[in-house]
Amino acid sequence: MGLKFIGRIQDISYNGFLVARGEFAPRIGSEVYAGNKPLGKIVNIYGPVSKPYLAIKPNSKGQALLEMVGKEIYLMGVS
């Protein structure tokens, strides 16, 4: 199983979720990866169907989240 590009982190919400712009709408609850490392789970999808926004609940909190803005994110094992 490989990684499939899903989008790019754009911002951090007031409640600590990462906000990404997606290329498609995956399932809520899908595990998101930054490179080979698990980043968190998708908790909400909103906006236009063609390029939805994804709210991701990160596995960790703190300063490391700021470094994620602009990074590419992936789903594992999607064909």
Margin query: If the only charges are +1 at each Lys and Arg Cβ and -1 at each Asp and Glu Cβ, what is the size of the charge dipole of segment 3-76 around the Cα centre, to the nearest 20 debye?
Written below: 100 debye
Check: Using Cα pairs under 8 angstrom and six or more residues apart, how large is the relative contact order of the chain, in percent?
Finding: 42 percent
Item checked: Radius 12 Å from Cβ of Gly29, net charge of other residues (Lys, Arg +1; Asp, Glu -1) -> +2
Check: So, counting K/R as plus one and D/E as minus one, what does the shell of residues with Cβ under 15 Å around Ser13 add up to?
Finding: +3
Next item on the list: When a/c is below 1.5 the answer is rounded, else prolate if a/b is larger than b/c, else oblate, so apply that to the chain with a ≥ b ≥ c taken from the square roots of the Cα gyration tensor eigenvalues.
Entry: oblate
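Read-outs throughout are calculated quantities, based only on the coordinates presented, and are distinct from any laboratory measurement. What you see is a predicted model, and the numbers here were worked out from it, not measured in a lab. Neighbour counts are summed over all protein chains in view; Cβ atoms, including those assigned to glycine, are modelled from backbone coordinates with ideal geometry.
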